Amino acid sequence: MDNRPQWGTRAGFILAAVGSAIGLGNIWRFPGVAYENGGGSFFIPYLFALLTAGIPLLVMEFTLGHKYRGSAPLTYARLSKKFEWLGWWQVGIAFVISTYYSVIIAWAISYSGFSLNLSWGKDTQTFLFSDYLQAAAPGELGGFAPGVLIPLLIVWVVTLGVLFAGVKKGIELANKIFIPTLVVLFLIIVIRALTLEGAALGLEAFFKPDWSMIANGKVWVAAYGQIFFSLSIAFAIMVTYSSYLPKKSDITNNAFITGFGNSAFELLAGIGVFSALGFMAMQQGVPVSEVVSKGIGLAFIVFPQIINEFPAFNQLFGFLFFASLTLAGLTSLISIVETFVAGVQDKFNVSRTKAVLFGGGVSAIISLLFATRGGINFLDVADEFINSFGVALAGLVEVVVVIWILKQATNLQTHANQISDIQLGSWWKICLGVITPIILGYMMIDKLRAEPYGGGSYSGEFLLYSGWLVAAGALIVGILFSFISWKKDTIELPADKEVSR
(Lines give C-alpha, C1' and ligand atoms only; values in the text may rest on other atoms or scores of the structure.)
Protein backbone atom coordinates (compact mmCIF):
# COMPACT_ATOMS: atom_id res chain seq x y z
CA MET A 1 0.00 0.00 0.00
CA ASP A 2 0.96 3.63 -0.57
CA ASN A 3 1.72 5.03 2.88
CA ARG A 4 3.01 8.37 1.64
CA PRO A 5 1.53 11.34 3.57
CA GLN A 6 -1.25 13.20 1.77
CA TRP A 7 -2.73 16.66 1.70
CA GLY A 8 -5.86 16.99 3.78
CA THR A 9 -7.75 18.81 1.03
CA ARG A 10 -7.32 19.81 -2.60
CA ALA A 11 -7.38 23.45 -1.47
CA GLY A 12 -4.48 22.68 0.84
CA PHE A 13 -2.37 21.43 -2.06
CA ILE A 14 -3.26 24.39 -4.28
CA LEU A 15 -2.49 26.89 -1.53
CA ALA A 16 0.85 25.17 -0.92
CA ALA A 17 1.69 25.11 -4.64
CA VAL A 18 0.71 28.75 -5.13
CA GLY A 19 2.52 29.64 -1.91
CA SER A 20 5.72 28.08 -3.19
CA ALA A 21 5.41 30.12 -6.39
CA ILE A 22 4.49 33.40 -4.71
CA GLY A 23 7.82 34.49 -3.31
CA LEU A 24 9.74 37.65 -2.72
CA GLY A 25 10.64 37.78 -6.41
CA ASN A 26 6.99 38.11 -7.46
CA ILE A 27 6.77 41.42 -5.64
CA TRP A 28 9.98 42.97 -6.90
CA ARG A 29 10.93 41.11 -10.10
CA PHE A 30 7.79 40.96 -12.24
CA PRO A 31 6.89 44.69 -12.23
CA GLY A 32 10.37 45.66 -13.41
CA VAL A 33 10.52 42.94 -16.08
CA ALA A 34 7.12 43.96 -17.47
CA TYR A 35 8.02 47.67 -17.49
CA GLU A 36 11.35 47.11 -19.25
CA ASN A 37 9.85 44.86 -21.91
CA GLY A 38 6.98 46.86 -23.35
CA GLY A 39 4.64 47.60 -20.45
CA GLY A 40 1.11 46.57 -21.38
CA SER A 41 2.25 44.84 -24.55
CA PHE A 42 4.43 42.51 -22.43
CA PHE A 43 1.33 40.73 -21.21
CA ILE A 44 0.83 39.11 -24.62
CA PRO A 45 4.14 37.18 -24.64
CA TYR A 46 3.75 36.66 -20.88
CA LEU A 47 0.35 34.96 -21.31
CA PHE A 48 1.66 32.98 -24.29
CA ALA A 49 4.63 31.81 -22.20
CA LEU A 50 2.32 30.80 -19.34
CA LEU A 51 0.18 28.68 -21.67
CA THR A 52 3.00 27.14 -23.71
CA ALA A 53 5.67 26.61 -21.06
CA GLY A 54 4.55 27.41 -17.52
CA ILE A 55 1.37 25.34 -17.28
CA PRO A 56 2.66 22.47 -19.50
CA LEU A 57 5.73 22.18 -17.26
CA LEU A 58 3.56 22.30 -14.14
CA VAL A 59 1.40 19.52 -15.60
CA MET A 60 4.49 17.45 -16.32
CA GLU A 61 5.94 17.86 -12.83
CA PHE A 62 2.58 17.34 -11.12
CA THR A 63 2.10 14.15 -13.14
CA LEU A 64 5.61 12.87 -12.41
CA GLY A 65 5.20 13.35 -8.66
CA HIS A 66 1.68 11.93 -8.58
CA LYS A 67 2.45 8.89 -10.75
CA TYR A 68 5.77 7.89 -9.21
CA ARG A 69 4.91 8.85 -5.60
CA GLY A 70 8.20 10.23 -4.41
CA SER A 71 10.53 13.14 -3.84
CA ALA A 72 12.36 14.32 -6.95
CA PRO A 73 15.25 11.81 -6.53
CA LEU A 74 12.90 8.89 -5.88
CA THR A 75 10.59 9.93 -8.72
CA TYR A 76 13.43 10.02 -11.25
CA ALA A 77 14.89 6.79 -9.88
CA ARG A 78 11.54 5.09 -10.41
CA LEU A 79 11.27 6.64 -13.85
CA SER A 80 14.79 5.45 -14.76
CA LYS A 81 17.62 4.66 -12.36
CA LYS A 82 20.05 6.21 -14.85
CA PHE A 83 18.56 9.65 -14.22
CA GLU A 84 18.23 9.68 -10.44
CA TRP A 85 21.03 12.29 -10.44
CA LEU A 86 18.66 14.76 -12.11
CA GLY A 87 16.38 14.67 -9.08
CA TRP A 88 19.31 15.15 -6.72
CA TRP A 89 20.62 18.01 -8.88
CA GLN A 90 17.29 19.80 -8.52
CA VAL A 91 17.33 19.11 -4.78
CA GLY A 92 20.86 20.54 -4.64
CA ILE A 93 19.68 23.70 -6.39
CA ALA A 94 16.83 24.05 -3.89
CA PHE A 95 19.31 23.56 -1.04
CA VAL A 96 21.57 26.37 -2.28
CA ILE A 97 18.61 28.72 -2.74
CA SER A 98 17.37 28.00 0.79
CA THR A 99 20.69 29.07 2.32
CA TYR A 100 20.50 32.65 1.04
CA TYR A 101 16.74 33.06 0.57
CA SER A 102 16.31 32.67 4.33
CA VAL A 103 18.58 35.66 4.89
CA ILE A 104 16.49 37.93 2.64
CA ILE A 105 13.43 36.95 4.69
CA ALA A 106 15.40 37.90 7.79
CA TRP A 107 15.96 41.35 6.27
CA ALA A 108 12.19 41.66 5.73
CA ILE A 109 11.57 40.80 9.39
CA SER A 110 14.08 43.45 10.45
CA TYR A 111 12.48 46.04 8.20
CA SER A 112 9.05 45.21 9.64
CA GLY A 113 10.49 46.43 12.94
CA PHE A 114 12.31 49.40 11.38
CA SER A 115 9.04 50.56 9.82
CA LEU A 116 7.47 51.15 13.24
CA ASN A 117 9.60 54.27 13.73
CA LEU A 118 10.99 54.68 10.19
CA SER A 119 14.49 53.86 11.44
CA TRP A 120 15.91 53.87 7.91
CA GLY A 121 15.80 57.67 7.79
CA LYS A 122 16.01 59.70 4.58
CA ASP A 123 19.04 58.01 3.01
CA THR A 124 17.63 54.51 2.72
CA GLN A 125 20.48 53.21 0.56
CA THR A 126 23.15 54.14 3.09
CA PHE A 127 21.01 52.68 5.86
CA LEU A 128 20.68 49.31 4.10
CA PHE A 129 24.29 48.80 3.07
CA SER A 130 26.22 50.71 5.74
CA ASP A 131 24.06 50.76 8.86
CA TYR A 132 22.11 47.50 8.65
CA LEU A 133 24.16 45.09 6.53
CA GLN A 134 27.48 46.87 7.23
CA ALA A 135 28.55 45.55 3.83
CA ALA A 136 32.18 44.51 3.37
CA ALA A 137 34.13 44.31 0.12
CA PRO A 138 33.53 41.33 -2.23
CA GLY A 139 35.37 38.26 -0.98
CA GLU A 140 35.56 39.44 2.64
CA LEU A 141 33.43 37.99 5.44
CA GLY A 142 33.96 40.76 7.98
CA GLY A 143 32.16 39.01 10.83
CA PHE A 144 28.42 38.79 11.37
CA ALA A 145 26.07 41.67 10.68
CA PRO A 146 24.48 41.87 14.16
CA GLY A 147 21.05 42.94 12.96
CA VAL A 148 20.64 39.91 10.69
CA LEU A 149 21.36 37.05 13.10
CA ILE A 150 18.30 37.18 15.38
CA PRO A 151 15.71 37.49 12.59
CA LEU A 152 17.52 34.71 10.70
CA LEU A 153 17.13 32.50 13.76
CA ILE A 154 13.40 33.32 13.81
CA VAL A 155 13.11 32.37 10.13
CA TRP A 156 14.63 28.95 10.72
CA VAL A 157 12.65 28.29 13.91
CA VAL A 158 9.38 28.94 12.06
CA THR A 159 10.40 27.03 8.92
CA LEU A 160 11.74 23.96 10.68
CA GLY A 161 8.86 24.01 13.16
CA VAL A 162 6.35 23.84 10.30
CA LEU A 163 8.30 21.04 8.63
CA PHE A 164 8.59 19.04 11.87
CA ALA A 165 4.77 19.08 12.08
CA GLY A 166 4.53 17.26 8.75
CA VAL A 167 2.63 17.73 5.50
CA LYS A 168 -0.96 18.03 6.69
CA LYS A 169 -0.50 19.56 10.14
CA GLY A 170 2.54 21.62 9.19
CA ILE A 171 2.90 22.73 5.56
CA GLU A 172 -0.80 22.65 4.67
CA LEU A 173 -1.92 24.39 7.87
CA ALA A 174 0.80 27.05 7.56
CA ASN A 175 -0.21 27.85 3.98
CA LYS A 176 -3.89 28.04 4.94
CA ILE A 177 -2.88 30.76 7.39
CA PHE A 178 -0.04 32.49 5.54
CA ILE A 179 -1.47 32.75 2.00
CA PRO A 180 -4.87 34.33 2.87
CA THR A 181 -3.11 36.65 5.33
CA LEU A 182 -0.56 37.60 2.66
CA VAL A 183 -3.28 38.36 0.10
CA VAL A 184 -5.26 40.48 2.58
CA LEU A 185 -2.18 42.45 3.70
CA PHE A 186 -1.04 43.05 0.15
CA LEU A 187 -4.52 44.05 -0.97
CA ILE A 188 -4.52 46.72 1.75
CA ILE A 189 -1.16 47.96 0.44
CA VAL A 190 -2.41 48.02 -3.16
CA ILE A 191 -5.65 49.82 -2.29
CA ARG A 192 -3.71 52.44 -0.34
CA ALA A 193 -1.20 52.85 -3.18
CA LEU A 194 -4.04 53.35 -5.67
CA THR A 195 -5.39 56.27 -3.62
CA LEU A 196 -2.06 58.13 -3.58
CA GLU A 197 -1.57 61.24 -5.67
CA GLY A 198 0.35 60.25 -8.79
CA ALA A 199 -0.76 56.61 -8.77
CA ALA A 200 -2.27 57.07 -12.24
CA LEU A 201 1.16 58.11 -13.58
CA GLY A 202 2.69 54.90 -12.29
CA LEU A 203 -0.11 52.74 -13.67
CA GLU A 204 0.18 54.45 -17.05
CA ALA A 205 3.91 53.66 -17.12
CA PHE A 206 3.20 50.06 -16.14
CA PHE A 207 0.31 49.34 -18.53
CA LYS A 208 1.04 51.64 -21.49
CA PRO A 209 1.89 49.27 -24.35
CA ASP A 210 4.96 49.71 -26.50
CA TRP A 211 3.87 47.65 -29.49
CA SER A 212 7.22 48.12 -31.22
CA MET A 213 8.77 45.73 -28.69
CA ILE A 214 6.46 42.82 -29.52
CA ALA A 215 8.72 41.84 -32.42
CA ASN A 216 11.82 41.89 -30.18
CA GLY A 217 12.95 38.32 -29.44
CA LYS A 218 14.49 39.35 -26.12
CA VAL A 219 11.05 40.43 -24.88
CA TRP A 220 9.67 36.94 -25.54
CA VAL A 221 12.66 35.34 -23.87
CA ALA A 222 12.12 37.65 -20.87
CA ALA A 223 8.47 36.52 -20.71
CA TYR A 224 9.45 32.85 -20.71
CA GLY A 225 12.17 33.53 -18.17
CA GLN A 226 9.73 35.26 -15.83
CA ILE A 227 7.18 32.45 -16.09
CA PHE A 228 9.83 29.79 -15.65
CA PHE A 229 11.47 31.31 -12.56
CA SER A 230 8.26 32.44 -10.87
CA LEU A 231 6.49 29.07 -10.90
CA SER A 232 9.12 27.17 -8.88
CA ILE A 233 9.73 24.79 -11.79
CA ALA A 234 12.84 22.57 -12.05
CA PHE A 235 14.02 22.66 -8.49
CA ALA A 236 12.05 19.72 -7.15
CA ILE A 237 9.23 21.58 -5.37
CA MET A 238 6.29 20.70 -7.60
CA VAL A 239 7.37 17.08 -8.03
CA THR A 240 7.62 16.70 -4.24
CA TYR A 241 4.34 18.44 -3.46
CA SER A 242 2.38 16.49 -6.09
CA SER A 243 3.67 13.20 -4.63
CA TYR A 244 1.43 13.95 -1.62
CA LEU A 245 -1.72 14.19 -3.77
CA PRO A 246 -4.44 11.56 -3.31
CA LYS A 247 -4.84 8.99 -6.11
CA LYS A 248 -7.82 10.75 -7.70
CA SER A 249 -6.57 14.30 -8.16
CA ASP A 250 -7.33 16.56 -11.11
CA ILE A 251 -3.78 17.28 -12.24
CA THR A 252 -4.34 19.61 -15.19
CA ASN A 253 -6.97 21.64 -13.34
CA ASN A 254 -4.59 22.03 -10.39
CA ALA A 255 -1.83 23.17 -12.76
CA PHE A 256 -4.06 25.83 -14.37
CA ILE A 257 -5.21 27.13 -10.97
CA THR A 258 -1.61 27.27 -9.70
CA GLY A 259 -0.30 29.00 -12.83
CA PHE A 260 -3.04 31.60 -13.05
CA GLY A 261 -3.06 32.10 -9.26
CA ASN A 262 0.63 32.96 -9.34
CA SER A 263 0.18 35.29 -12.33
CA ALA A 264 -2.76 37.04 -10.67
CA PHE A 265 -0.59 37.84 -7.66
CA GLU A 266 2.21 39.09 -9.93
CA LEU A 267 -0.24 41.44 -11.64
CA LEU A 268 -1.48 42.63 -8.25
CA ALA A 269 2.11 43.27 -7.20
CA GLY A 270 2.73 45.25 -10.38
CA ILE A 271 -0.31 47.45 -9.75
CA GLY A 272 0.72 48.15 -6.17
CA VAL A 273 4.39 48.76 -6.93
CA PHE A 274 3.82 51.11 -9.86
CA SER A 275 1.06 53.03 -8.09
CA ALA A 276 3.57 53.70 -5.31
CA LEU A 277 6.33 54.56 -7.81
CA GLY A 278 3.99 57.00 -9.52
CA PHE A 279 3.38 58.70 -6.18
CA MET A 280 7.12 58.90 -5.53
CA ALA A 281 7.78 60.31 -9.00
CA MET A 282 5.19 63.06 -8.48
CA GLN A 283 6.60 63.93 -5.05
CA GLN A 284 10.07 64.33 -6.55
CA GLY A 285 8.89 66.00 -9.74
CA VAL A 286 10.60 63.44 -11.99
CA PRO A 287 9.38 60.88 -14.56
CA VAL A 288 8.45 57.40 -13.33
CA SER A 289 11.39 56.01 -15.28
CA GLU A 290 13.80 57.75 -12.89
CA VAL A 291 12.44 56.03 -9.78
CA VAL A 292 11.96 52.53 -11.19
CA SER A 293 14.19 49.94 -9.59
CA LYS A 294 14.17 46.17 -9.20
CA GLY A 295 15.61 43.45 -7.00
CA ILE A 296 16.44 44.12 -3.39
CA GLY A 297 16.88 47.80 -4.27
CA LEU A 298 13.15 48.14 -4.93
CA ALA A 299 12.11 46.41 -1.71
CA PHE A 300 14.70 47.73 0.74
CA ILE A 301 15.72 51.09 -0.71
CA VAL A 302 12.96 52.51 -2.91
CA PHE A 303 9.95 51.34 -0.90
CA PRO A 304 11.25 52.79 2.38
CA GLN A 305 11.66 56.08 0.48
CA ILE A 306 8.06 55.82 -0.73
CA ILE A 307 6.82 54.99 2.77
CA ASN A 308 8.65 58.08 4.09
CA GLU A 309 6.55 60.21 1.73
CA PHE A 310 3.16 58.71 2.62
CA PRO A 311 0.83 61.48 3.79
CA ALA A 312 -0.42 59.45 6.79
CA PHE A 313 0.00 56.15 8.64
CA ASN A 314 3.54 55.69 7.30
CA GLN A 315 4.51 53.23 10.02
CA LEU A 316 1.40 51.09 9.55
CA PHE A 317 1.77 50.71 5.80
CA GLY A 318 5.49 50.17 6.13
CA PHE A 319 4.85 47.33 8.54
CA LEU A 320 2.16 45.81 6.30
CA PHE A 321 4.47 45.89 3.28
CA PHE A 322 7.40 44.17 4.97
CA ALA A 323 5.09 41.74 6.78
CA SER A 324 3.82 40.79 3.31
CA LEU A 325 7.38 40.21 2.14
CA THR A 326 8.02 38.04 5.19
CA LEU A 327 4.96 35.85 4.62
CA ALA A 328 5.68 35.52 0.89
CA GLY A 329 9.23 34.48 1.69
CA LEU A 330 8.29 31.97 4.38
CA THR A 331 5.77 30.11 2.19
CA SER A 332 8.43 29.71 -0.49
CA LEU A 333 11.21 28.76 1.92
CA ILE A 334 9.08 26.05 3.55
CA SER A 335 8.46 24.48 0.14
CA ILE A 336 12.12 24.76 -0.87
CA VAL A 337 13.37 23.05 2.29
CA GLU A 338 10.71 20.36 1.99
CA THR A 339 12.32 19.19 -1.27
CA PHE A 340 15.55 18.04 0.36
CA VAL A 341 13.86 16.92 3.57
CA ALA A 342 11.69 14.58 1.46
CA GLY A 343 14.73 13.49 -0.57
CA VAL A 344 16.74 12.59 2.53
CA GLN A 345 13.76 10.83 4.10
CA ASP A 346 13.15 8.71 0.99
CA LYS A 347 16.78 7.87 0.24
CA PHE A 348 17.96 6.97 3.73
CA ASN A 349 14.64 5.69 5.11
CA VAL A 350 14.88 7.88 8.22
CA SER A 351 12.16 9.54 10.26
CA ARG A 352 10.86 12.95 9.24
CA THR A 353 12.34 14.44 12.40
CA LYS A 354 15.83 13.26 11.49
CA ALA A 355 15.44 14.40 7.88
CA VAL A 356 14.36 17.89 8.99
CA LEU A 357 17.18 18.10 11.53
CA PHE A 358 19.78 17.05 8.98
CA GLY A 359 18.56 18.79 5.82
CA GLY A 360 17.15 21.92 7.42
CA GLY A 361 19.89 22.09 10.03
CA VAL A 362 22.73 22.01 7.50
CA SER A 363 20.99 24.66 5.38
CA ALA A 364 20.50 26.87 8.45
CA ILE A 365 24.19 26.60 9.36
CA ILE A 366 25.38 27.46 5.85
CA SER A 367 22.98 30.42 5.74
CA LEU A 368 25.16 32.05 8.40
CA LEU A 369 27.67 32.79 5.60
CA PHE A 370 25.14 35.17 4.05
CA ALA A 371 24.51 36.82 7.42
CA THR A 372 28.07 38.16 7.51
CA ARG A 373 29.02 41.68 6.48
CA GLY A 374 30.26 40.28 3.18
CA GLY A 375 27.18 38.11 2.77
CA ILE A 376 25.41 40.51 0.42
CA ASN A 377 28.10 39.96 -2.23
CA PHE A 378 28.05 36.17 -1.89
CA LEU A 379 24.25 36.27 -2.04
CA ASP A 380 24.16 38.45 -5.14
CA VAL A 381 26.51 36.23 -7.14
CA ALA A 382 25.20 32.88 -5.89
CA ASP A 383 21.63 33.87 -6.75
CA GLU A 384 22.58 34.94 -10.28
CA PHE A 385 24.51 31.78 -11.07
CA ILE A 386 22.22 29.24 -9.40
CA ASN A 387 19.25 30.69 -11.30
CA SER A 388 20.96 31.26 -14.65
CA PHE A 389 23.13 28.15 -14.76
CA GLY A 390 21.29 25.98 -12.27
CA VAL A 391 17.52 26.27 -12.50
CA ALA A 392 17.37 27.12 -16.21
CA LEU A 393 19.81 24.39 -17.22
CA ALA A 394 18.16 21.83 -14.94
CA GLY A 395 14.82 22.67 -16.53
CA LEU A 396 16.24 22.19 -20.01
CA VAL A 397 17.80 18.85 -19.07
CA GLU A 398 14.58 17.76 -17.34
CA VAL A 399 12.47 18.33 -20.45
CA VAL A 400 15.00 16.70 -22.78
CA VAL A 401 15.37 13.65 -20.51
CA VAL A 402 11.66 13.09 -19.84
CA ILE A 403 10.28 13.92 -23.28
CA TRP A 404 13.06 13.08 -25.72
CA ILE A 405 15.33 10.49 -24.09
CA LEU A 406 12.86 8.50 -21.98
CA LYS A 407 9.95 9.33 -24.32
CA GLN A 408 7.48 9.66 -21.46
CA ALA A 409 5.11 12.19 -23.04
CA THR A 410 2.41 9.67 -23.97
CA ASN A 411 2.80 7.78 -20.68
CA LEU A 412 2.40 10.94 -18.60
CA GLN A 413 -0.38 12.26 -20.84
CA THR A 414 -2.39 9.06 -20.35
CA HIS A 415 -1.94 9.18 -16.58
CA ALA A 416 -3.02 12.83 -16.33
CA ASN A 417 -6.01 12.42 -18.68
CA GLN A 418 -7.36 9.48 -16.66
CA ILE A 419 -7.93 11.67 -13.61
CA SER A 420 -8.32 15.19 -15.07
CA ASP A 421 -11.25 17.14 -16.54
CA ILE A 422 -9.05 19.16 -18.91
CA GLN A 423 -7.61 16.64 -21.35
CA LEU A 424 -4.07 16.98 -22.64
CA GLY A 425 -3.71 16.89 -26.40
CA SER A 426 -0.97 17.29 -28.97
CA TRP A 427 -0.50 20.93 -27.91
CA TRP A 428 1.00 19.72 -24.63
CA LYS A 429 3.54 17.49 -26.35
CA ILE A 430 4.49 20.23 -28.82
CA CYS A 431 4.96 22.77 -26.03
CA LEU A 432 7.20 20.47 -23.99
CA GLY A 433 8.99 18.78 -26.86
CA VAL A 434 9.66 21.80 -29.06
CA ILE A 435 8.85 25.24 -27.68
CA THR A 436 10.18 24.87 -24.13
CA PRO A 437 13.57 23.31 -24.97
CA ILE A 438 14.17 25.86 -27.75
CA ILE A 439 13.46 28.80 -25.43
CA LEU A 440 15.47 27.39 -22.53
CA GLY A 441 18.34 26.53 -24.85
CA TYR A 442 18.37 30.07 -26.22
CA MET A 443 18.32 31.47 -22.67
CA MET A 444 21.36 29.40 -21.75
CA ILE A 445 23.30 30.44 -24.87
CA ASP A 446 22.37 34.09 -24.31
CA LYS A 447 23.63 33.94 -20.72
CA LEU A 448 26.90 32.34 -21.74
CA ARG A 449 27.49 35.06 -24.33
CA ALA A 450 26.79 37.89 -21.88
CA GLU A 451 29.60 39.85 -20.25
CA PRO A 452 30.77 38.66 -16.81
CA TYR A 453 28.17 39.29 -14.12
CA GLY A 454 28.56 42.45 -12.08
CA GLY A 455 29.97 44.64 -14.83
CA GLY A 456 33.49 44.48 -13.41
CA SER A 457 32.52 45.08 -9.78
CA TYR A 458 33.44 41.47 -8.98
CA SER A 459 36.80 39.87 -9.73
CA GLY A 460 37.03 36.76 -11.88
CA GLU A 461 38.24 34.78 -8.89
CA PHE A 462 35.26 35.83 -6.77
CA LEU A 463 32.83 34.92 -9.57
CA LEU A 464 34.53 31.55 -9.90
CA TYR A 465 34.19 30.35 -6.31
CA SER A 466 30.99 32.13 -5.31
CA GLY A 467 29.16 31.65 -8.62
CA TRP A 468 30.42 29.02 -11.02
CA LEU A 469 31.51 26.56 -8.33
CA VAL A 470 28.22 26.97 -6.46
CA ALA A 471 26.20 26.19 -9.59
CA ALA A 472 28.49 23.28 -10.53
CA GLY A 473 28.53 22.03 -6.93
CA ALA A 474 24.77 21.40 -6.98
CA LEU A 475 25.22 19.13 -10.00
CA ILE A 476 28.30 17.34 -8.64
CA VAL A 477 26.69 16.65 -5.26
CA GLY A 478 23.58 15.42 -7.07
CA ILE A 479 25.62 12.92 -9.08
CA LEU A 480 27.45 11.73 -5.96
CA PHE A 481 24.21 11.19 -4.03
CA SER A 482 22.84 9.09 -6.88
CA PHE A 483 25.64 6.55 -6.30
CA ILE A 484 24.36 5.80 -2.79
CA SER A 485 22.27 2.65 -2.74
CA TRP A 486 18.59 2.78 -1.81
CA LYS A 487 17.25 0.84 1.11
CA LYS A 488 15.70 -2.49 0.16
CA ASP A 489 12.44 -2.20 -1.84
CA THR A 490 12.35 1.62 -1.51
CA ILE A 491 12.68 2.18 -5.23
CA GLU A 492 9.72 -0.08 -5.98
CA LEU A 493 6.34 1.59 -6.33
CA PRO A 494 3.68 0.81 -3.70
CA ALA A 495 1.51 -2.20 -4.56
CA ASP A 496 -1.52 -0.08 -5.44
CA LYS A 497 0.38 1.91 -8.07
CA GLU A 498 1.32 0.71 -11.52
CA VAL A 499 3.94 2.17 -13.81
CA SER A 500 4.82 1.67 -17.45
CA ARG A 501 8.57 1.31 -17.84
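Based on the Cβ-Cβ distance from residue 446 to residue 316, what FRET efficiency comes out when R0 is 35 Å, to the nearest 0.05? Before the final figure, lay out the partial values.
On the way: r = 43 Å, r/R0 = 1.24.
That gives a FRET efficiency of 0.20.
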Note, region 3-16: 3J(HN,Hα) by Karplus (6.51, -1.76, 1.60, θ = phi - 60°), whole Hz, Gly/Pro = x, goes 9, 5, x, 10, 5, x, 9, 4, 4, x, 5, 4, 4, 5
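Ignoring ligands, DNA and RNA, what accessible area per residue does region 426-499 give at 1.4 Å, in Å²?
Result: 61 Å² per residue.
What is the diffusion coefficient of region 83-205 in µm²/s, taking the Kirkwood radius over Cα pairs and the Stokes-Einstein relation at 4 °C with a viscosity of 1.567 mPa s?
Values: Rh = 18.0 Å.
D = 72 µm²/s.
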Taking N as the number of residues in the chain, the ratio of its alpha carbon radius of gyration to 2.2 N^0.38 Å works out to 0.94
Expressed as a whole-number percentage, the relative contact order of the chain with C-alpha contacts under 8 angstrom and at least six residues apart is 34
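Which links in 176/488; 81/218; 248/487; 168/354; 347/447 stretch past 30 Å when you go from one Cα to the other? Mind showing how you got there, number by number?
On the way: 176/488 37 Å; 81/218 37 Å; 248/487 28 Å; 168/354 18 Å; 347/447 34 Å.
Beyond 30 Å between Cα atoms: 176/488; 81/218; 347/447.
Would you kindly state how much longer the chain becomes between residue 204 and residue 426 on full extension, computed as 0.36 nm times their sequence separation minus their alpha carbon distance, in nm to one decimal?
Details: separation 222, 0.36 × 222 = 79.92 nm, distance 3.90 nm.
The span from residue 204 to residue 426 would gain 76.0 nm if fully extended.
With a 10 Å radius around each residue's Cβ, average the other Cβ atoms per peptide and rank 313-321, 219-227, highest first.
Numbers: 313-321: 19.0, 219-227: 23.1.
Descending mean neighbour count gives 219-227, 313-321.
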With all protein chains present, region 3-134 has a carbon and sulfur share of its accessible area (1.4 Å probe) in percent of 62
Rounded to whole Å², per residue accessible area for region 1-115 with a 1.4 Å probe reads 22
The percentage of the accessible area of region 353-407 (probe 1.4 Å, all protein chains present) made up of carbon and sulfur atoms, to the nearest whole number, is 74
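Write down the Kirkwood hydrodynamic radius of region 349-412, to one decimal in angstroms, obtained as one divided by the mean of 1/r over all alpha carbon pairs. Could the numbers behind the result be given before it?
Numbers: mean 1/r = 0.0672 Å⁻¹.
Its Kirkwood hydrodynamic radius stands at 14.9 Å.
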Phi angles of region 181-192, converted by Karplus (6.51 cos²θ - 1.76 cosθ + 1.60, θ = phi - 60°) into ³J(HN,Hα) in whole Hz with x for Gly and Pro, give 5, 4, 4, 5, 4, 6, 4, 4, 4, 5, 4, 5
In cubic angstrom per residue, the convex hull of region 366-501 built on its Cα atoms measures 178
Residues whose built amide H sits under 5 Å from the amide H of residue 372, excluding neighbours closer than 5 in sequence, are 145
Quick calc: nm separation of the 7 Å Cα→Cβ label points for residue 485 and residue 117 -> 6.3
Debye calc, one equal point scatterer per Cα of region 410-465, no solvent, log10 I(q)/I(0) at q = 0.15, 0.18 1/Å comes to -0.63, -0.71
Taking 422-430, 261-269 and ranking on average Cβ neighbours within 10 Å, highest first, one gets 261-269, 422-430
With all protein chains present, region 290-332 has a carbon and sulfur share of its accessible area (1.4 Å probe) in percent of 63
Result for region 116-255: accessible area per residue, probe 1.4 angstrom, in square angstrom, of 43
Computed ³J(HN,Hα) along region 320-336: with the Karplus parameters 6.51/-1.76/1.60, θ = phi - 60°, integer Hz and x for glycine or proline, the list is 4, 5, 6, 5, 5, 4, 4, 5, 4, x, 5, 4, 6, 4, 4, 5, 5
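The values are calculated or read from the model by the stated rules, or taken from the named source; none is laboratory data. Computed from a prediction, not measured in an experiment: that's the story for all the values here. Using ideal geometry, Cβ is built from the backbone for each residue, glycine included, and neighbour counts are taken over all protein chains shown. Accessible surface areas use protein heavy atoms only, side chains included; no ligands, DNA or RNA. Shrake-Rupley method; radii C 1.70, N 1.55, O 1.52, S 1.80 Å.
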